[in-house]
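Visitor: Handing you this structure, nothing more for now.
The values are calculated or read from the model by the stated rules, or taken from the named source; none is laboratory data. The shown structure was predicted, so the numbers you read here are calculated from the model rather than taken from an experiment. Cβ placement follows ideal geometry from the backbone for every residue including glycine, while neighbour counts extend to all protein chains displayed.
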């Protein structure tokens with residue numbers, strides 16, 4: 001569905017991956033599976049889009065993308081809007097068909113040549129990624145689905161300054177044309193208006209694939225516990241770029257450096273955003289996490305900390321006083337309750353972290369439910385990196401039973417047919433020490449090769465046998 005090619009990233013030599021709704025990366029430590037997963041997140045990242053806008057409008061000292069159809073299209077739209085104040089993009093299906101893959105290709109280039117350093121928080125003088133190349137494109141079948149969904153949906157986006165809407169973008173449901181209107185403000189330089197226009201066009205294209213893009217790093221347990229204090233150190237950052245306070249508008253566009261690795265900064269902002277009093281349609285499946293952790297996770301409005309209410313005692317506890325499992329899953333619980341849209345892209349590093357094997361299997365079933373969605377047009381994607389055999393072993397069960405899921409629902413931990421998942425929606429890759437990857441899923445035979453884990457078990461048995469033999473001799 002999403003083809004990802006990566007060359008010369010860490011030890012990764014030259015790999016081609018087919019990213020499905022549920023994609024699993026396994027492999028030994030230091031095989032760069034997390035870097036590859038994080039890179040796709042970084043390519044789609046809003047800050048990478050903002051940097052690409054500078055490329056398109058020739059605002060950077062070094063320009064990588066000199067000329068292409070999308071760059072010309074954006075400059076044409078910007079020029080017309082600043083002269084006529086209203087532009088109509090006709091036939092949004094054709095717009096997506098023509099420019100979506102070109103944008104992804106340009107975003108991948110900008111990420112691997114420039115943004116990758118600030119994203120990972122690595123000094124560019126190291127030239128660590130100087131030879132890195134990444135390509136991304138959407139398959140034609142998936143693109144047709146994206147176009148259909150976009151045409152069937154409505155669009156209403158605004159950019160504000162000083163509580164004044166100076167850019168409006170809208171499209172009615174089942175309508176094909178996108179309308180962009182601007183109101184020039186005398187005290188905002190035209191070049192910043194142009195950048196905002198370009199940003200919105202790029203956002204429309206990326207958001208046609210996914211409404212939300214979220215990263216749950218392996219550091220999530222600590223970041224969730226201390227997020228409130230960390231958030232204060234990021235007070236100058238703006239989390240909602242579509243509703244920018246006027247006094248911070250120029251800071252946002254002029255700021256070039258980042259104090260922390262962006263992937264960690266994002267999660268701190270994400271946890272802070274969970275405070276908002278709202279409910280997503282996915283709140284109905286949070287009950288499955290409650291089954292796993294044995295209680296409810298809430299945001300305490302008085303202290304503004306994440307808290308946990310266990311079923312056994314019904315006493316509210318600050319999350320830092322709870323088990324490691326609760327800390328690990330608390331933010332995903334709140335994501336499902338408050339944010340999940342049904343068309344999200346998630347990177348989940350080590351989903352098994354701090355989970356008992358039974359809880360690992362239960363959480364995998366929850367992820368399958370998430371991927372299957374709760375409405376017909378839901379389209380969630382998730383990439384998970386893992387070191388546990390239990391996820392692959394149980395995933396094989398869930399694939400095998402998919403064809404008779406209604407009959408077999410009671411055999412699952414969560415007692416639901418939606419825990420089963422089609423093999424067509426799964427990819428599994430093993431990252432090897434030689435810089436290559438191995439496809440572990442045989443879709444036709446519904447078989448997963450998890451021998452890399454079983455080899456370790458066999459080795460442990462062999463060591464045990466040899467020890468017993470030495471002791472008894």
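Visitor: Restricting to the range 202-220, and then to whatever is surrounded by 20 or more Cβ atoms within 10 Å (Cβ to Cβ) and assigned to a helix (DSSP H, G or I), can you tell me which residue is modelled with the lowest pLDDT?
Guide: If we take residues in the range 202-220 being surrounded by 20 or more Cβ atoms within 10 Å (Cβ to Cβ) and assigned to a helix (DSSP H, G or I), then 220 is modelled with the lowest pLDDT.
Visitor: Kindly provide the set of residues from the range 118-137 that are surrounded by 18 or more Cβ atoms within 10 Å (Cβ to Cβ) and out of contact with any strand residue (DSSP E or B) (no Cβ under 6 Å at 6 or more places or on another chain), ordered by number.
Guide: Filtering the range 118-137 down to residues surrounded by 18 or more Cβ atoms within 10 Å (Cβ to Cβ) leaves 118-119, 129, 132, 134, 136.
Listed by number, the residues that qualify are 118, 119, 129.
Visitor: I'd like to know if the range 379-399 contains one or more residues that are surrounded by fewer than 17 Cβ atoms within 10 Å (Cβ to Cβ) and more than 23 Å from the chain's Cα centre (by Cα).
Guide: No, there is no match, as no residue in the range 379-399 is surrounded by fewer than 17 Cβ atoms within 10 Å (Cβ to Cβ) and more than 23 Å from the chain's Cα centre (by Cα).
Visitor: Can you spot a residue in the range 425-444 that is assigned to a helix (DSSP H, G or I) and over 21 Å from residue 371 (Cα atoms)?
Guide: No; the residues of the range 425-444 include none that is assigned to a helix (DSSP H, G or I) and over 21 Å from residue 371 (Cα atoms).
Visitor: Kindly establish whether residue 67 is assigned to a loop (DSSP other than H, G, I, E, B) and either surrounded by 21 or more Cβ atoms within 10 Å (Cβ to Cβ) or without any contact (Cβ under 8 Å) to a residue 40 or more places away in the chain (or both).
Guide: yes
Visitor: Exactly one of (1) over 19 Å from residue 152 (Cα atoms); (2) outside any helix (DSSP H, G or I); (3) modelled with pLDDT of 50 or more is unmet by residue 224. Its number?
Guide: Residue 224 satisfies all of (1) over 19 Å from residue 152 (Cα atoms); (2) outside any helix (DSSP H, G or I); (3) modelled with pLDDT of 50 or more except (2).
Visitor: Would you point out which residue out of 291, 283, 307, 331 is part of a helix (DSSP H, G or I), on the phi < 0 side of the Ramachandran plot, buried (at least 18 other Cβ atoms within 10 Å of the Cβ) and modelled with pLDDT of 85 or more?
Guide: Values: 291 fails: buried (at least 18 other Cβ atoms within 10 Å of the Cβ); 283 fails: buried (at least 18 other Cβ atoms within 10 Å of the Cβ); 307 fails: part of a helix (DSSP H, G or I).
Result of the check over 291, 283, 307, 331: 331.
Visitor: Would you mind stating whether residue 326 is crowded, with 20+ Cβ neighbours inside 10 Å and under 21 Å from residue 413 (Cα atoms)?
Guide: Yes.
Visitor: What about residue 58, is it outside any helix (DSSP H, G or I), out of contact with any helix residue (DSSP H, G or I) (no Cβ under 8 Å at 6 or more places or on another chain) and touching a residue at least 24 places away in the same chain (Cβ under 8 Å)? Please lay out each step first, then the result.
Guide: Numbers: outside any helix (DSSP H, G or I): yes; out of contact with any helix residue (DSSP H, G or I) (no Cβ under 8 Å at 6 or more places or on another chain): yes; touching a residue at least 24 places away in the same chain (Cβ under 8 Å): no.
When the stated conditions are applied, residue 58 does not pass them.
Visitor: Just need a number here: residues in the range 112-134 that are modelled with pLDDT of 95 or more and part of a helix (DSSP H, G or I).
Guide: 0
Visitor: Kindly provide the set of residues from the range 2-33 that are on the phi > 0 side of the Ramachandran plot and not in a strand (DSSP E or B), ordered by number.
Guide: 10, 30, 32
Residue-by-condition table, conditions (1) without any contact (Cβ under 8 Å) to a residue 40 or more places away in the chain; (2) under 24 Å from the mean Cα position of the chain (by Cα):
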position: 117; (1), (2): yes, yes
position: 131; (1), (2): no, no
position: 166; (1), (2): yes, no
position: 191; (1), (2): no, no
position: 194; (1), (2): no, no
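Visitor: Of the conditions (1) in contact with a strand residue (DSSP E or B) (Cβ under 8 Å, 6 or more places away or on another chain); (2) assigned to a helix (DSSP H, G or I); (3) touching a residue at least 40 places away in the same chain (Cβ under 8 Å), residue 80 satisfies every one except a single condition; which number is it?
Guide: (3) is the only condition that residue 80 fails.
Visitor: Identify, please: which residue in the range 246-276 is exposed (fewer than 14 other Cβ atoms within 10 Å of the Cβ) and modelled with pLDDT of 50 or more and is, among those, nearest to residue 50 (Cα to Cα)?
Guide: Filtering first and then ranking leaves 259.
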